[in-house]
Amino acid sequence: MKTIIDDLHKAFESRVRLGIMAALAVNDTLDFNALKEYLDVTDGNLASHLKALEKEAFIEVKKTFVKSKPNTRYFMTKSGKKSFEAHISALENLIRSQK
Amino acid sequence: MKTEQEYIRDLTEIRSMMERSTKFLSLTGWSGIMAGLYALEGAYIGYKLFYLNTDTAFYHTIDAQQGSGNVLNFFLLALVVLVLAIGTAIFLSWRKAKKTGERIWNAASRRLLINLAIPLIAGGVFVLILFSKGMIGLIAPVTLLFYGLALLNAGKFTYEEVKYFGIIEIVLGLLASYFIGYGLLFWAFGFGIMHIVYGIYMHLKYEK
């Protein structure tokens, strides 16, 4: 039981961060606006969660220009993918063990 | 520490996010039903106008000279059916998206359209080439085949059933290219009846 809870990563306690990771797990890259639309949060809120995930090196930013407008795209790093998958299986195990 | 209920909700939300960010789920069963009705109507008009007027069976290889006027009208008829079906689908999707608060033009719908369009355009060009070479008999089977391939391809980005619908259309297209004289019949079944069956199934499954 103890080890299962250890696998639950602190960074994923927030539902917004979990949502960001879920969306990036199945999309190669997503820009800020797409994430905002899926998660239904304010700019500031989303930006701070993205920064937190960046700090953990779970996601990375790719800045490009679309018709001379800056376009910020996010994608999941390998370690981010690993941690996210570990988090999901920890969640599953936890639920199974409590049944 | 969170409760078990919250963990379950976390998982549910992860799944829903993964689905929402990759799949376009604002398609409606009614679009399928309407597309089927247009197709049946079109096939009926086509049969009345062109099959009964020509001495030779329309769907056998005829020289382009003899049938070109008819074939042109036939293309126009097919185009009207296509525009009506797509127009209805876009309108109904737009209405459904508005109701569920989703946007109709997002990453998921873009991907759906691109994956649908590439096989469809390839098929359209192929049909024009067949026409220019006078191989009229293969046109109906080819439209079924490429439509099926397009649906199979696009099925990854919307309801899974679209994939199976695509496979059925591919099988019908292959059958139609073997039984070459019955193009219009297969066409009416594949684009008409199958759309209606699919539409009713989707309506009962997801919109009831």
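Among all positions in the stretch A:25-45, there is no residue which is modelled with pLDDT under 85 and of a type in the set (Val, Ile, Thr).
Can A:Lys67 be described as over 19 Å from B:Thr12 (Cα atoms), more than 11 Å from chain B (Cβ to nearest Cβ) and out of contact with any Gly (no Cβ under 7 Å at 6 or more places or on another chain)?
Spelling it out, A:Lys67 is indeed over 19 Å from B:Thr12 (Cα atoms), more than 11 Å from chain B (Cβ to nearest Cβ) and out of contact with any Gly (no Cβ under 7 Å at 6 or more places or on another chain).
Scanning the stretch A:7-56 for residues that are more than 24 Å from B:Ala108 (Cβ to Cβ), among the charged types (D, E, K, R) and within 13 Å of chain B (Cβ to nearest Cβ) turns up A:Asp7, A:Lys10, A:Glu13. A:Thr77 passes every criterion in (1) of a type in the set (Ser, Thr, Tyr); (2) free of Cβ contacts under 8 Å to residues at least 24 places away in the same chain; (3) within 14 Å of another protein chain (Cβ to nearest Cβ) apart from (3). For the structure I just gave you, tell me whether B:Gly173 is in contact (Cβ under 8 Å) with a residue 60 or more places away in the chain, under 23 Å from B:Ala43 (Cα atoms) and assigned to a helix (DSSP H, G or I). It is false that B:Gly173 is in contact (Cβ under 8 Å) with a residue 60 or more places away in the chain, under 23 Å from B:Ala43 (Cα atoms) and assigned to a helix (DSSP H, G or I).
Inside the stretch B:116-162, residues that are surrounded by fewer than 16 Cβ atoms within 10 Å (Cβ to Cβ) and under 12 Å from the mean Cα position of the chain (by Cα) make up a count of 1.
The values are calculated or read from the model by the stated rules, or taken from the named source; none is laboratory data. All values reported here derive from a predicted model rather than from experimental measurement. When we count neighbours, we look across all protein chains shown, and the Cβ atoms used for this are built from the backbone with ideal geometry, even at glycine.
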